[in-house]
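Visitor: The structure's right below; bear with me while I get my questions together.
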Amino acid sequence: SETQRLVSDEILTSLDFSEVRHVMDIGGGTGVFLAACAALYPNLSLTLFDLPQVAPLASERFAKAGISARAHIECGSFRDQALPRGADLITLIRVLYDHEDETVLRLLQSAYEVLPDG
């Protein structure tokens with residue numbers, strides 16, 4: 001998760017999330033990226049979608065950051081479960097290059113399907 005801070009900083013200095021209401025980080029691990037988003041955007045709702053094994057670590061990070069009320073954790077695997085709905089932005093921080101092309105294609109299709117029109 002230490003290297004995730006560098007990636008988070010680079011993304012958040014390059015992109016403006018001010019028009020986003022709800023971001024979901026798929027494969028968000030311990031919640032480093034979402035915690036960084038929360039620090040910059042206090043009105044942003046957050047969802048972390050990842051395997052159950054990392055949920056306690058993410059929950060601890062969100063509690064320490066004081067964002068538990070607006071940071072929701074959904075446990076599951078994008079390989080065999082539907083993605084949660086409700087986000088208007090989905091991030092895949094350091095996820096796509098860790099998987100085979102077929103898995104990545106299915107994940108991108110699933111993400112597209114749960115995003116609202118527009």
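Visitor: Could you check segment 1-48 and list, in sequence order, the residues that are in contact with a strand residue (DSSP E or B) (Cβ under 7 Å, 6 or more places away or on another chain) and buried (at least 22 other Cβ atoms within 10 Å of the Cβ)?
Guide: V23, M24, D25, I26, G28, G31, F33, L34, C37, L46, T47, L48
Visitor: Could you give every pair whose Cβ atoms fall below 7 Å, whose first residue belongs to segment 69-96 and is closer than 27 Å to S14 by Cα, and whose second residue is among the basic types (K, R), counting only separations of at least 6 or pairs across chains?
Guide: D88/R21
Visitor: So is L105 surrounded by 15 or more Cβ atoms within 10 Å (Cβ to Cβ) and either part of a helix (DSSP H, G or I) or of a type outside the set (D, E) (or both) or not?
Guide: Answer is no for this residue.
Each value in this text was obtained by applying a stated rule to the coordinates, not by laboratory testing. Note that this is a predicted model, so its numbers are computed, not measured. A quick note on method: Cβ atoms are made from the backbone with ideal geometry, for glycine too, and the neighbour counts reach across all protein chains shown.
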